[in-house]
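To start, the structure itself, in structure tokens.
The values are calculated or read from the model by the stated rules, or taken from the named source; none is laboratory data. Because the structure is a prediction, the values reported are computed rather than measured. Neighbour counts are summed over all protein chains in view; Cβ atoms, including those assigned to glycine, are modelled from backbone coordinates with ideal geometry.
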Amino acid sequence: MRRRGLLAGGLLPALSLLPSWTVQAQPLSLGEQFALRARTGAALGHSLAEVLGLSHLGLLVNGTSICAALASATGAAFLDRRPGGSLRVEALAAAEEAASAVHALRGQEGIGLLFGGQAGHRENLPLVRASLQALQAEDYRGTVFLHLRLWLAGQLTQLAQEDAALADWLAVHPRLVALSVDPKHDRYELLRVGLDDGRQVVRERLEQRTMDPSWARLFRRLFDPEAPA
């Protein structure tokens, strides 16, 4: 019998703040977008090094400046905690590039899918799909880390419904991890996640920390255009 987890839909406090994942819905200036990624990437790099214990990290990103800001902040914080560690970043312009990018990163202990930035769901989903399929083809058993935008949008569930073979691989992968936030309650969370019956679930909360007010306020404005500055 498959182990049951907390359904991702149970993360309603965060999901209720998401009107849509569109650039147009985001009221932050470009500078504020960079500041938010700097804060989030600093926390994430610490989590990947100290909570997950990784020493060799690979990151997959798209070519947008906001996505690059998150990857840069994450990588800098990670290497600050792991001076002897390694960091490799591969930027994808198209889904067809995923296989070679994943192959280049296959020796890293963890690979993060940080697709977000100015690209919308239609642009990012093919990159996510191709990257996960490439990881499946490599039978990659290291940590696979998912950007909160992928997780909160339910993209694992969507991809599992489209690709049965990928769903089977994700269901038994031992080290799937996602970042989530609940800005309404000022919470940052690192989650061990998976698939049960084709639906993404939370298996364990690996880390939970309180965001300071300015950090949480940026997230609230990102998720809700009507939130006060």
Notebook entry, point to check: Going through the stretch 200-229 one residue at a time, which ones are of a type outside the set (A, V, I, L, M, F, W, C), modelled with pLDDT under 95 and within 30 Å of Gln161 (Cα to Cα)?
Noted result: Asp224
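Considering each residue of the stretch 113-138, count those that are part of a helix (DSSP H, G or I) and closer than 12 Å to Leu59 by Cα, and give that number. I'd like the intermediate steps shown before the answer.
Step one: of the stretch 113-138, the residues part of a helix (DSSP H, G or I) are 121-138.
Imposing the further condition that a residue be closer than 12 Å to Leu59 by Cα reduces the set to 131.
Total meeting the criteria: 1.
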Margin query: Can you tell me which residue is surrounded by the most Cβ atoms within 10 Å (Cβ to Cβ) among those in the stretch 55-77 that are within 15 Å of Phe145 (Cα to Cα) and over 16 Å from the mean Cα position of the chain (by Cα)?
Written below: His56
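Looking at this structure, is Arg141 at pLDDT 95 or above, surrounded by fewer than 19 Cβ atoms within 10 Å (Cβ to Cβ) and part of a loop (DSSP other than H, G, I, E, B)?
On the way: at pLDDT 95 or above: yes; surrounded by fewer than 19 Cβ atoms within 10 Å (Cβ to Cβ): yes; part of a loop (DSSP other than H, G, I, E, B): yes.
Yes: the conditions hold for Arg141.
Quick check: anything in the stretch 78-86 modelled with pLDDT under 95, of a type outside the set (A, V, I, L, M, F, W, C), buried (at least 22 other Cβ atoms within 10 Å of the Cβ) and more than 21 Å from Leu166 (Cβ to Cβ)?
Going through the stretch 78-86, the residues modelled with pLDDT under 95 turn out to be 83-84.
From what is left, the residues that are of a type outside the set (A, V, I, L, M, F, W, C) are 83-84.
Now restrict to residues that are buried (at least 22 other Cβ atoms within 10 Å of the Cβ): none.
The answer is no, given that none of the residues of the stretch 78-86 is modelled with pLDDT under 95, of a type outside the set (A, V, I, L, M, F, W, C), buried (at least 22 other Cβ atoms within 10 Å of the Cβ) and more than 21 Å from Leu166 (Cβ to Cβ).
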Notebook entry, point to check: Mind checking which residues of the stretch 174-218 are of a type in the set (Phe, Trp, Tyr) and either crowded, with 22+ Cβ neighbours inside 10 Å or part of a strand (DSSP E or B) (or both)?
Noted result: Tyr188
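Got a sec? Which of Gly116, Gly120, Gly142 is within 21 Å of Ala71 (Cα to Cα) and more than 15 Å from the chain's Cα centre (by Cα)?
Numbers: Gly116 fails: more than 15 Å from the chain's Cα centre (by Cα); Gly120 fails: more than 15 Å from the chain's Cα centre (by Cα).
So the residue among Gly116, Gly120, Gly142 that is within 21 Å of Ala71 (Cα to Cα) and more than 15 Å from the chain's Cα centre (by Cα) is Gly142.
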